[in-house]
Amino acid sequence: MYSALPILTSLIGLGGFIVGVYSFASPVSAAQIYGMQLGKASIKSKKSMDESTSAEDIYRHMAYTGVRNLVVGSTILALTWYWQYGTHATMDKVTVQRCLGIVITTGSLTPVVDAIVTWQGALQGVDAAIGKRAALLHATRSIFWLAGGLWCLLG
């Protein structure tokens, strides 16, 4: 059963990395996964300027989300690689495993906050069905992150 832990941490890191790249490659689709809808940008009226500003804010938010996920995913992948292949000293392996546990456990709070934000958006009627699905996805992801992080810390 111990060999499942590196697989779990690798999947967590790979998931973060892929979502980070996806946020850059297709911000509109990534925003929809998070429960946000991008407005069409046009400059014909004050209302359309507000929609354009909103779209720019969401694009900027998706860029920040992409950077966050890319960095956290890469960090988890690098720590997992070093833990499994980079060192042979037992004390180093334990230390890296605990560091990995801290990173993943702390990172498990991010999906919780994402779930709360998307749930609030769903309650405000932005797009209730997409928002609720996104909130459920984030909450579920948080459970895997927390389990993996605690397993690294305590295992």
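I'd like to know if segment 79-102 contains one or more residues that are part of a loop (DSSP other than H, G, I, E, B) and modelled with pLDDT of 90 or more.
Among the residues of segment 79-102, at least one is part of a loop (DSSP other than H, G, I, E, B) and modelled with pLDDT of 90 or more, which makes the answer yes.
Restricting to segment 76-116, what's the tally of residues that are surrounded by fewer than 20 Cβ atoms within 10 Å (Cβ to Cβ) and within 14 Å of Val19 (Cβ to Cβ)?
Of the residues in segment 76-116, 2 are surrounded by fewer than 20 Cβ atoms within 10 Å (Cβ to Cβ) and within 14 Å of Val19 (Cβ to Cβ).
I'm checking my understanding of the structure. Among residues of segment 3-52 that are among the β-branched types (Val, Ile, Thr) and modelled with pLDDT of 85 or more, which one is surrounded by the fewest Cβ atoms within 10 Å (Cβ to Cβ)?
Ile7
I'd like the full set of residues that are in contact (Cβ under 8 Å) with a residue 12 or more places away in the chain and either of a type in the set (Ser, Thr, Tyr) or in contact with a Phe, Trp or Tyr (Cβ under 9 Å, 6 or more places away or on another chain) (or both), limited to segment 81-96.
Matches in segment 81-96: Tyr82, Val96.
The values are calculated or read from the model by the stated rules, or taken from the named source; none is laboratory data. These numbers come from a predicted model, not from an experiment. Virtual Cβ from ideal backbone geometry, glycine too; neighbours counted across all protein chains shown.
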